[in-house]
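S.K.: Please find one structure pasted underneath; my questions will follow.
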Amino acid sequence: MRIWDLHCHPSTFGSEDPDKAMTDVIRTADRMQVERLCIYLGSLRHQDPNPVDLRAHNDWVLRAMKPFPDRVFGFAYINPNYMPATMEEIERCIRDGPMVGVKLWVAKRCNAPELDTIVSRCAELKAVIFQHTWIKTNGNLPGESTPMELAELAGRHPRVPIICGHTGGQWESGIRAVRARRNVSIDLAGSDPTNGFTEMAYRELGPDRIIYGSDSGGRSMASQLAKVHGAVIPEGAKPLIFAENLRRMMTPILTAKGIKT
């Protein structure tokens, strides 16, 4: 079946050179039969990047994307603490460039009012919105969002699709936090491949709101693929999780950009 990986960081594959890193990613994806990958973040060094670093991250990803237009989708890294620069990067990378979504990480909690401007502009561009979320037992980073905070944001924009990255890590709580927000889909990436994650998501959210991602190379593609391949759910749901749900979400912007899949 087709597999699209929502969540990939090429810089974690052992090289800071985008060409070498992306070559390693594609080699691994070929071995795992992953057809398409979404990539973002030039490195994991900057959790609150200033405008110069923000542009550098996105330039890194643009370079990594270039040799593989039929395999790779790029998401622009943005930071709500620097709104003018963030809006400039959305225009540069998505409106005027090849990227198709945005990546929000840990700089500012996503229930902040600044996010409304970002969500509204992304909706106009039909861009995919991906927000990292986590629930840390010892407390999140100062700007790190939880699924509960993402549910607040999603409630303010009920017609805009938003992806809950990692489902908060503590996925039992994360699934329940976003369950009532029909515009929120969850990302399977990043946590250990424990039994029950995909099964609970299927039971609580249905097959149409679950998206496969690996968080590679922080996690192996193989271990994350196992979350779906080994899940005790109807076999007909697996193609939706592996590719079709993400493909459906991305279709408006891919169509607008003339990208065929």
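Rundown of residues vs (1) on the phi < 0 side of the Ramachandran plot; (2) of a type in the set (Val, Ile, Thr), yes/no style:
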{"position": "THR137", "(1), (2)": "yes, yes"}
{"position": "GLY143", "(1), (2)": "yes, no"}
{"position": "PRO147", "(1), (2)": "yes, no"}
{"position": "LEU153", "(1), (2)": "yes, no"}
{"position": "PRO158", "(1), (2)": "yes, no"}
{"position": "GLY169", "(1), (2)": "no, no"}
{"position": "VAL178", "(1), (2)": "yes, yes"}
{"position": "ARG182", "(1), (2)": "yes, no"}
{"position": "ASP187", "(1), (2)": "yes, no"}
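S.K.: Which condition breaks for ILE163 when tested against (1) closer than 21 Å to GLY42 by Cα; (2) of a type in the set (Val, Ile, Thr); (3) touching a helix residue (DSSP H, G or I) at 6+ places or on another chain (Cβ under 7 Å)?
M.R.: The single condition ILE163 does not satisfy is (3).
S.K.: Return the residue satisfying two criteria in turn: it lies in segment 92-106 and is among the hydrophobic types (A, V, I, L, M, F, W, C) and crowded, with 23+ Cβ neighbours inside 10 Å, and of such residues it is nearest to ARG55 (Cα to Cα).
M.R.: Of everything passing the filter in segment 92-106, CYS93 is nearest to ARG55 (Cα to Cα).
S.K.: Has segment 106-115 got at least one residue that is under 20 Å from VAL61 (Cα atoms), hydrophobic (A, V, I, L, M, F, W, C) and in contact (Cβ under 8 Å) with a residue 12 or more places away in the chain?
M.R.: yes
S.K.: Filter segment 29-63 down to the residues that are at pLDDT 95 or above and polar (S, T, N, Q), then identify the one that is nearest to the chain's Cα centre (by Cα). Before you say what the answer is, go through the steps one by one.
M.R.: Our first condition is that a residue be at pLDDT 95 or above; within segment 29-63, this holds for 29-40, 48-63.
Those still in the list that are polar (S, T, N, Q) too: 33, 50, 58.
Numbers: GLN33: 19, ASN50: 21, ASN58: 15 Å.
Taking the candidates together, the pick is ASN58.
Residue by residue, here is whether (1) under 19 Å from HIS9 (Cα atoms); (2) among the β-branched types (Val, Ile, Thr); (3) part of a loop (DSSP other than H, G, I, E, B); (4) in contact with a Gly (Cβ under 8 Å, 6 or more places away or on another chain) holds:
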position	(1), (2), (3), (4)
ALA177	no, no, no, yes
ALA180	no, no, yes, no
ARG203	no, no, no, no
ASP208	no, no, no, no
MET249	no, no, no, no
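S.K.: For residues that are in contact with a helix residue (DSSP H, G or I) (Cβ under 6 Å, 6 or more places away or on another chain) and either assigned to a helix (DSSP H, G or I) or hydrophobic (A, V, I, L, M, F, W, C) (or both), scanning just segment 42-61, find the one that is surrounded by the fewest Cβ atoms within 10 Å (Cβ to Cβ).
M.R.: Here the residue is PRO51.
The values are calculated or read from the model by the stated rules, or taken from the named source; none is laboratory data. Bear in mind that the values here come from a model prediction, so they are computed numbers and not experimental data. Neighbour counts run over all protein chains shown; Cβ positions are idealised from the backbone, glycine included.
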